[in-house]
Structure formats: C-alpha cells, structure tokens
1. Anything in region 1-41 that is surrounded by fewer than 18 Cβ atoms within 10 Å (Cβ to Cβ) and among the acidic types (Asp, Glu)? List them, or say none.
2. Before we move on, is residue 249 of a type in the set (A, V, I, L, M), surrounded by fewer than 18 Cβ atoms within 10 Å (Cβ to Cβ), in a helix (DSSP H, G or I) and at pLDDT 50 or above?
3. Among (1) of a type in the set (Phe, Trp, Tyr); (2) part of a helix (DSSP H, G or I); (3) over 21 Å from residue 186 (Cα atoms), which single condition is residue 273 missing?
4. Take region 42-77 and flag every residue that is over 21 Å from residue 100 (Cα atoms), surrounded by fewer than 17 Cβ atoms within 10 Å (Cβ to Cβ) and either in contact (Cβ under 8 Å) with a residue 40 or more places away in the chain or not assigned by TED's automatic domain parsing to the domain that holds residue 114 (or both).
5. From 55, 47, 20, 64, which residue is more than 15 Å from residue 119 (Cβ to Cβ) and in contact with a Leu (Cβ under 7 Å, 6 or more places away or on another chain)?
6. Mind listing whichever residues of region 258-293 are buried (at least 16 other Cβ atoms within 10 Å of the Cβ) and among the basic types (Lys, Arg)?
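The values are calculated or read from the model by the stated rules, or taken from the named source; none is laboratory data. Please read these numbers as outputs of a predicted model, since none were measured by experiment. Quick reminder, even Gly has a Cβ in these numbers, built from the backbone with ideal geometry, and neighbours come from all protein chains shown.
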Amino acid sequence: MPPSPVRLSTGCKVNFGLRIVGVRPDGYHELDSILYPLPYPRDGLTIRRASRDGIRVVCSDPDIDAENNTLTKAYAAFAEVAGPVPGLEVFLQKRIPVGAGLGGGSGNAAALLRWLNRESARPLNMEALAGLALTVGADTPFFLRASPCRVQGIGERITPVALDLSGCPLVLVCPDIQVSTGRAYAAYDASLLPPKPLAGRKRLTKSVSGDKCSPLFEAARRTYFRDTPGNGLVNDLEAVVFQGQPALASIKAGLLRLGADAACMSGSGSSLFGLFPRHGAESAAKAAFALRTGRRRVFLLSL
C-alpha cells in the first residue's frame, strides 16, 4: 500500500524596508532588509511518492511553469548534494499571489527542502541546507527559519532580529498587478541618480513612535533604516515601481491616510502593507474594508 500523501502549508513574508547598498561584479544587488514572516496568505503542498524518478509538479495556477519552478530547482539541488531522493508528485495549491514580493515560491522551495532533508538518509546540517537554499532563491534561506531576520548581501547573511510586534494589526493589500523583479532592478539601475519624487506626490512615510508600536520595532528601524526620510520604512525600489504602476502609490497613500503608522511595498512589489498601532485594530479593520475591491485581495492580520 503506497504511503499516504504529505500535506504542507507555507506562509509568506513582507520586507520592513529594503535598501540597495551596492552591486556585485556579477550584477547581483547587495541588499539590507528586515524580513518578517506572515501566516497568511498561504500556499499548500501535497507530496506523493512516485514510482518514477524525478519530480512532477502540478499547480492550481496554470501560469506557473510545471517544468521550471522553485520546487523543481529545490529538488534538483538537493538531489545533487545529498544523493538519491525518491521520485515525487507534488500538487501546489497556489494562494500567495505571484509577482507580489511576498516570497511564495521561495517559501514553497524551503518547505520541500526541509521535508527532503527529514526524509534523507544523509541529512544536511542547517548551514549546508541554507547554502543549498540560496542557489534556489535569495529569500529561500530565510524561509528555513521563518522568524524575523535582517537579511543582507544577496540573501546569504541572515541575522535573527528580536522584533516583537505581537498584537500589532497589519493590513496586506495584494492588487491584481504582477511586478517583474528583474525589471524592477533594471529600472532602478537605469535611474542612475537617486530616484526623484513623483510630481505632485506627497511624502508617503510617517513617524513610527515607540508608544504606538513595539519599542523593539522602533529600535530596529533606527538601527537599520536610520537615514529614512520622515523616520518611516523605505524601499529603494518603490520610486521606479510606482512610476510604472501609479496605482500602487495610491494604495500606500491610502494605508497611511486610514491610520497606518508605517506603510511599505514588500520586496519588488506589487503587494503593500500598513502596520497599525496595537490599539488600532478598529482602524485596521476599517482600512482593510475600504481598500478591498474586486481586483484586490486584502488580508487583515494580527501579528
């Protein structure tokens, strides 16, 4: 009798700011960001052992390439390093939006790598598994930990951060827009000079005070983003992404207008989030309702 299928559930992340601090000779960008895991939205993985070798991926989203995705890359990378692995059939129930800067693909790859490592006769230690994960995607090593971390370089330098935001409401807005990560970085490089503010756009940051959010969050912001104008979170990709997608700038402005202490685009977009004070659950709920439209998915979370 074949073994029962294994079902895994994988969450996502947001970037509490993203600074581009340099470019390597190979063209990869050096980053500095705080990544924070979110429980929702979530993808689902159903893993079945197969009689044939290799991995076969079926996805609920027909736009995802079944032959070349983060799951197939993670499987191949693990097999190359750790030796023989069983043939697998994987069904991916896609609920995390694609092209939203939430790291859904990286989270899926990390979940598969953890499972393969548990099942392996020669499991890798965490350092080796993280190094392998980096070959799949820059955010994949972070998802092996799934706790707040400062991530630097191209994702290889990960430092846990004591960031206690428990009880703070967060509104995550996922518009029906996909942003290409490669194009976002290419646009940033092409800008050469520091991005100029969009004409007529008001500053989209507000101060985050310690009495409204966790003092640890405020300390982390001062440490990692102390040069941010207005003491808010900054994402260096926002200016160029907003130029191509002005609707995203409008969503960010809406989050701040509706009571968020800080709002930021996650990664290269297109998702945006607003962080509300601990006593601001009612404001967060009203903001989530106001920003929800037929072409947006909005999540109201308590961290």
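1. The answer is 26, 30.
2. no
3. (2)
4. Matches in region 42-77: 46, 48, 49.
5. Working: 55 fails: more than 15 Å from residue 119 (Cβ to Cβ); 47 fails: more than 15 Å from residue 119 (Cβ to Cβ); 64 fails: in contact with a Leu (Cβ under 7 Å, 6 or more places away or on another chain).
Among 55, 47, 20, 64, only 20 is more than 15 Å from residue 119 (Cβ to Cβ) and in contact with a Leu (Cβ under 7 Å, 6 or more places away or on another chain).
6. Taking region 258-293 and keeping what is buried (at least 16 other Cβ atoms within 10 Å of the Cβ), we get 258-278, 280, 283-284, 287-288, 291.
Within region 258-293, just 278 meets the criteria.
For (1) modelled with pLDDT of 90 or more; (2) in contact with a Cys (Cβ under 8 Å, 6 or more places away or on another chain); (3) part of a helix (DSSP H, G or I), each residue gets a yes or a no:
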residue	(1), (2), (3)
159	yes, yes, no
162	no, no, no
166	no, no, no
173	yes, no, no
184	yes, no, yes
196	no, no, no
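Results for (1) modelled with pLDDT of 95 or more; (2) in contact with a Cys (Cβ under 9 Å, 6 or more places away or on another chain), shown as yes or no for each residue.
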residue	(1), (2)
2	no, no
13	yes, no
23	no, no
31	no, no
34	no, yes
39	no, yes
44	yes, no
48	yes, no
